[in-house]
Structure formats: structure tokens, C-alpha cells
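Right, one structure below, let's go through it.
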Amino acid sequence: MAHRLISDLYAMQHSSEYLAGFITFSKGIPGAGTYILPDIMNYYLSEIGEIKPAKEKWFTKGPYQVNCAINIANGISTVYNGKPPMCIPGGVNNYEGNFVTWKAMNWDPGVKILLPNPALHPEDAKYSNYVVVTLFTKQGTHFYTYFKQNDREKIDDPRWYLMIIQKYDDYRNDLINNQPEIYNYNEYLEEIKRKLLGAALQGTTIVGAAIGVYSLVSIALRVGVGCLSVGF
């Protein structure tokens with residue numbers, strides 16, 4: 001679900017390239033078959049990206065996968081997950097048929113709250129209570145987290161929405177400004193989740209200042225936008 005929502009967000013923010021057919025999601029690199037399937041390939045910008053949960057093992061493995069895909073797309077022999085070395089002679093052409101140098105995607109959505117929309121993706125109906133939060137991008141890897149809403153913690157509560165954005169923005173800054181490998185971010189993330197409700201209850205004084213943002217959120221939900229992408 002998170003992959004679909006983040007892919008939807010990318011497509012919305014690159015609508016002209018997407019509608020022109022220059023963007024693929026989770027499809028094999030031409031000439032490589034099913035050897036490696038980047039989560040996002042933009043043939044217009046010659047960029048490759050991966051989508052991963054913000055967990056320790058992916059902080060290095062995600063960028064590693066991006067690098068392997070870039071090497072293969074550029075015609076460089078690469079060993080991936082212990083498989084035999086592989087390259088595509090001449091590399092992968094861009095949309096004009098000219099050889100280009102592929103690179104890591106620099107798109108960074110920032111902290112965005114994404115809600116599933118079963119009307120767009122029927123298979124996501126079973127995740128209707130979940131919320132996906134995009135966090136940050138490192139070496140072409142877009143990291144996210146998610147949590148399940150309960151009756152006390154609803155995204156349609158403006159206090160909750162504001163505090164989620166604020167707390168995850170702090171979390172994002174920590175991830176960007178420090179070396180993730182030296183922290184146990186799984187425990188840190190759980191601590192942030194535990195504190196969110198209390199922070200929301202304490203943050204009622206700033207709700208009025210952001211009522212306009214909340215109104216936009218509500219309107220987007222009512223009209224059934226495929227994914228909600230409102231952030232500070």
C-alpha cells in the first residue's frame with residue numbers, strides 16, 4: 001500500500017512525464033528482465049529510485065539497490081544479491097533513444113501524510129485505517145513509515161494532523177542530520193508514536209493558525225483524492 005501511495009504521489013508531482021509514459025513503477029530495466037525491478041524509473045530525467053520503510057536494514061540496503069540498478073542501466077557489470085555479474089551492453093537509452101547517464105533520484109517529497117483510497121486501489125480496502133508518512137530521501141531511496149489509527153487517534157482531528165506533521169518533521173531532521181546507523185530508530189520511532197497523542201492534546205492553541213490547511217485536507221478527503229499529500 002505504501003509503495004502504491006508514494007508512487008501515486010510521484011506521478012502527481014511529475015504528471016506531464018507520467019502521462020507521456022516516461023515513468024515506470026516496479027518494472028524491470030529493459031534488457032535486464034526480472035533481474036532487478038526499480039520502484040521508480042523516470043526515463044525523462046534518467047533517474048532511478050527505491051521506496052523503503054524507515055528501518056535500519058534499509059538505510060544501507062535501499063541505496064545499495066539504487067546503485068546496482070544505476071550500474072546496470074549504465075551498462076556497468078554488477079553483482080546483485082549474490083547473483084552473477086550482469087550488465088546491459090550500451091546501457092539503457094532515455095526516451096529519445098539516446099544513451100544517457102542514469103543517476104539516483106533526487107526527488108524528496110518531505111513529510112507528507114498519505115491516506116489509502118480503496119476507490120482508486122480496491123486492494124487497499126483492508127488497510128483503510130492505516131496512515132503512511134513519507135520522511136526523507138537518501139541516495140535515491142524514499143523512506144516512509146506508517147501507523148494504524150484508532151478511535152482516539154484520527155487523522156480528521158486537526159490536533160492530530162498538526163502534531164503528526166510536527167513530530168515526523170523533527171524525526172526527519174534527525175535522520176538527515178545524523179548517521180542513522182548509530183541509532184536504534186525503530187525504538188525511537190515507537191517512542192514518537194507513543195508521544196503523539198499527548199502532544200496533540202497539548203497543541204490545541206496552534207490549531208486555529210492552521211485551520212486553512214485542515215480545511216484543504218478535509219476537502220481533499222471528501223472529493224476522494226487518490227492520495228493525500230499535504231505537509232508543511
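Every number in this text was worked out from the coordinates using simple rules, so none of it is lab data. Quick caveat, the model's predicted, so the values are computed rather than measured. Here Cβ is always computed from backbone atoms with ideal geometry, including for glycine, and neighbour counts include all displayed protein chains.
Points worth noting:
- Length gained when the stretch ILE76-ALA119 is fully extended (0.36 nm per residue, less Cα-Cα span): 11.3 nm
- Protection proxy ranking, peptides 84-94, 1-11, average beta carbon neighbours within 10 Å, highest first: 1-11, 84-94
- Net charge dipole size for region 2-104 [Lys, Arg +1 and Asp, Glu -1 on Cβ; Debye, nearest 20]: 380 debye
- Mean projection of the Cα convex hull over all viewing directions, computed for region 1-125: 8.5 nm².
- Between GLN13 and LYS103, the simple spin-label model (points 7 angstrom out along Cα→Cβ) gives 1.7 nm.
- Over all other residues within a Cβ to Cβ distance under 14 Å of GLY140, the charged ones net out to 0, with Lys and Arg as +1 and Asp and Glu as -1.
- Sorting the segments 57-64, 70-77 by their mean number of nearby beta carbons within 10 angstrom, highest to lowest, gives 70-77, 57-64.
- By the count of other C-beta atoms within 10 Å, a proxy for reagent exposure, LYS52, LYS27, LYS148 are ordered fewest to most as LYS148, LYS27, LYS52.
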